[in-house]
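Reading through the structure tokens given below for one structure.
The values are calculated or read from the model by the stated rules, or taken from the named source; none is laboratory data. Everything quoted here is computed from the prediction, not taken from an experiment. Here the Cβ positions follow ideal geometry from the backbone for every residue, glycine too, while neighbour counts run over all protein chains shown.
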Amino acid sequence: MPSATKLEQFVGFRERVEMLSGENVFACYQCGMCTAGCSFADEMDVLPHQVIRQLQLNNWKVLECNAKWICASCLNCQTRCPKGVDLSKLMEAMRQIYLRQQMDNLELNKYSIDQIRCLPQIALVASFRKKTG
């Protein structure tokens, strides 16, 4: 959870996600087709359509959910969406915001090779992005 001083950085959270993703979260009218088509929805603590709803409400606490790490960016959600909202771009934007706030705890030198192999690949990619810029 972000510290009190970091809370001020989340003012305009929705706008930052929209800017990074290029998506309009208000295009979604909560039909649930993204969740119905998501292969990994069972693994998520917040379902895909609920992520979008939390973004619409400008609720930065959605960053605490694991859905952004579980999303495989397979584009099933965009294909099924009647409005063409690309949820995978929104998830990637949330991963970027999360890592830019330095709220992750992943330091590869603390893990064995076998443990690293078990980590989600998207977490590794996001971790490397943070370290390179």
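Restricting attention to the stretch 95-112, and to residues there that are part of a loop (DSSP other than H, G, I, E, B) and loosely packed, with under 13 Cβ neighbours inside 10 Å, which single residue is modelled with the lowest pLDDT?
By that ranking, first place goes to 105.
Go through (1) within 20 Å of residue 101 (Cα to Cα); (2) surrounded by fewer than 19 Cβ atoms within 10 Å (Cβ to Cβ); (3) without any contact (Cβ under 8 Å) to a residue 40 or more places away in the chain and name the single condition residue 67 misses.
(2)
Scan the stretch 20-41 residue by residue and report those that are under 14 Å from the mean Cα position of the chain (by Cα) and outside any loop (DSSP other than H, G, I, E, B).
20, 21, 25, 41
Can you tell me which condition residue 69 does not meet? The list is (1) aromatic (Phe, Trp, Tyr); (2) closer than 19 Å to residue 119 by Cβ; (3) not in a helix (DSSP H, G or I), and all the others hold.
Failing condition for residue 69: (3).
Is there any pair with a first residue in the stretch 112-128 that is within 14 Å of residue 98 (Cβ to Cβ) and a second that is outside any helix (DSSP H, G or I) whose Cβ atoms are under 6 Å apart and which are 6 or more apart or on different chains, and what are they?
Note: pairs meeting the criteria are 127/106.
State which residue is surrounded by the most Cβ atoms within 10 Å (Cβ to Cβ) when the search covers only the stretch 70-94 and only residues that are of a type in the set (Lys, Arg) and over 16 Å from residue 123 (Cα atoms).
80
Taking the stretch 49-63, which residues are in a helix (DSSP H, G or I) and within 16 Å of residue 24 (Cβ to Cβ)?
49, 51, 52, 53, 54, 55, 56, listed by residue number.
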